[in-house]
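Encoded as structure tokens, the structure appears first; notes follow it.
The values are calculated or read from the model by the stated rules, or taken from the named source; none is laboratory data. From a predicted model like this one, the values you see are computed outputs, not experimental measurements. Glycine gets a Cβ as well: all are built from the backbone with ideal geometry, and neighbour counts include every protein chain shown. These accessible areas exclude ligands, DNA and RNA; they are computed on the full protein's heavy atoms, side chains included. Shrake-Rupley method; radii C 1.70, N 1.55, O 1.52, S 1.80 Å.
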Amino acid sequence: MNISKDILALKEDVTAWRRLFHQHPQTAFEEVYAHDFIVEKLKEWRIAYTDGWATTGIVATIQGNETSAGKTIGLRADMDALDMTEENDLPWCSSFNGKMHGCGHDGHMAMLLGTAKYLNEHRDFNGTVHLIFQPGEEGGNGAEVMVKEGLFDQYPCDAIFGLHNWHTPFGTMATRPGSIMAAAQSFEIDIEGEGTHAAFPHCSIDPVLVASHIVLALQSIVSRNIDPLEPAVVTVANINAGTGAHNVISEKATLNGTFRTLSNDRIPFLNEKIELIAQKTAQSFGAKATYKAHPFLLATVNTEKETDLAAKAASAILGEENVTTDITPVMGAEDFSFMLKEVPGAYVTLGQGIEGDTKNPHSRGCHHPKYDFNDDLIPIGIAYFVEVVKQALTTKESL
């Protein structure tokens, strides 16, 4: 790996920050501890910033020794934790019951803060860097909130870059031009039937039976309406019905789940199809179904030029043999998509897993109760961000 001594020297401090973030997890728009810690450091280093973005978000700005190129890029890290209970036994485990940094946002914040410290001391670039600490990625659409609040009006960017740790082998990077993560939307279907005693099913309109038929019918949407070569998935995750008694047919049932697609154009179609199937299936049984669509996430779409730049930056750190630019898209979703909708950019994954040790906390997938961010990734993440800055803001022709 090609990482400068000055960046390697940051590891101990940045690791300590990461572990403090991990010990103090807070969920969407409540990331007060992280906000206060980051602001304290920015003030200490005399880095200009504004806060209050999406409640707890922060944007710090560092200018190079030259700005004649007139170019500006954004670097983004997410801040929030998850509503889940940690099952690790580590000195830096979560001190908040039912809250956990189970996705590595503690590491993302720490790496971007380390990047801020390094860039503040090494301004050998031509242009401006905005470091964006974004709250509410886990279901809060914090990126969308910041964009709607005027993020790119106040801080115009020629390109923006984000990263995420991944359970792939340590020291690897993966990305791709085009859709790298899916659009996603959660939904809820409320079914109203007619309840009665289980001994008299002919007197009922059984919402459980109706729900079962809806679940089966929803599986036809992808298989019979979408090209088999176009990834999409509809998942019913929960069916809630009944009183708990074994001899009562309830009056109501509720289904909820998500749909996912790599094409933003498919979002209206999938909404319409799910609602139509739910309503018509329920109607055929004499029941009523009400469809509720929750706020959606766009597909995360990388632009080709910025993806190429990101790959070159990663190759300079990790070697070309450890960088993949044709990763298979993931059907998970990421609200960085709202920033990429407004500004060209690239989202990459950095491998932190330990090969041959699937039970190692660093090899666990995100959102696993035994997951933990790999602190050895910290110098790589900082070096990657710094190299992106150098690649993008070295000359007038960059970007």
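Here are the numbers for this structure:
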read-out: Qualifying residues in the stretch 70-90 (those that are part of a loop (DSSP other than H, G, I, E, B) and of a type in the set (D, E, K, R)) - the one most open to solvent (accessible area, probe 1.4 Å); value: Asp89
read-out: Residue satisfying condition, being at pLDDT below 95, open to solvent by less than 30 Å² (accessible area, probe 1.4 Å) and under 22 Å from the mean Cα position of the chain (by Cα), within set Gly332, Gly345; value: Gly332
read-out: Residue in the stretch 183-198 that is surrounded by fewer than 14 Cβ atoms within 10 Å (Cβ to Cβ) and not hydrophobic (A, V, I, L, M, F, W, C) present; value: yes
read-out: Residue among Val208, Val215, Val222, Val236 that is assigned to a strand (DSSP E or B) and either surrounded by 12 or more Cβ atoms within 10 Å (Cβ to Cβ) or not polar (S, T, N, Q) (or both); value: Val236
read-out: Some residue of the stretch 128-139 being more than 16 Å from the chain's Cα centre (by Cα) and either open to solvent by 10 Å² or more (accessible area, probe 1.4 Å) or among the basic types (Lys, Arg) (or both); value: yes
read-out: Residue match in the stretch 112-120 (condition: surrounded by fewer than 21 Cβ atoms within 10 Å (Cβ to Cβ) and farther than 20 Å from Asp78 by Cα); value: yes
read-out: Residue ID - farthest from the chain's Cα centre (by Cα), chosen from residues in the stretch 41-69 that are charged (D, E, K, R) and in a helix (DSSP H, G or I); value: Glu44
read-out: Single condition Asp308 does not satisfy, out of (1) outside any strand (DSSP E or B); (2) open to solvent by 60 Å² or more (accessible area, probe 1.4 Å); (3) of a type outside the set (A, V, I, L, M); (4) farther than 30 Å from Ala346 by Cα; value: (4)
read-out: Residue list for the stretch 5-40, filter: among the hydrophobic types (A, V, I, L, M, F, W, C), surrounded by fewer than 21 Cβ atoms within 10 Å (Cβ to Cβ) and assigned to a helix (DSSP H, G or I); value: Leu8, Ala16, Leu20, Val32, Phe37, Val39
read-out: Looking only at the stretch 263-297, and only at residues there that are modelled with pLDDT of 95 or more and assigned to a loop (DSSP other than H, G, I, E, B), the one that is most open to solvent (accessible area, probe 1.4 Å); value: Phe285
read-out: Residue in the stretch 356-372 that is among the aromatic types (Phe, Trp, Tyr), at pLDDT 95 or above, part of a loop (DSSP other than H, G, I, E, B) and farther than 14 Å from Ser179 by Cα present; value: yes
read-out: Which numbered condition Thr254 fails, given (1) β-branched (Val, Ile, Thr); (2) buried (at least 17 other Cβ atoms within 10 Å of the Cβ); (3) in contact with a strand residue (DSSP E or B) (Cβ under 6 Å, 6 or more places away or on another chain); value: (2)
read-out: The stretch 311-352, residues that are in contact with an Asp or Glu (Cβ under 6 Å, 6 or more places away or on another chain), under 18 Å from Asp265 (Cα atoms) and not in a helix (DSSP H, G or I); value: Asp335
read-out: Tally of residues being assigned to a helix (DSSP H, G or I), open to solvent by 50 Å² or more (accessible area, probe 1.4 Å) and farther than 30 Å from Glu87 by Cβ across the stretch 373-399; value: 2
read-out: Some residue of the stretch 140-148 being closer than 23 Å to Ala311 by Cα and not small (Gly, Ala, Ser); value: no
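Every residue, every condition in (1) aromatic (Phe, Trp, Tyr); (2) touching a Leu at 6+ places or on another chain (Cβ under 9 Å), yes or no:
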position	(1), (2)
Thr27	no, yes
Asp36	no, no
Val39	no, no
Lys43	no, no
Tyr49	yes, yes
Gly70	no, no
Leu75	no, yes
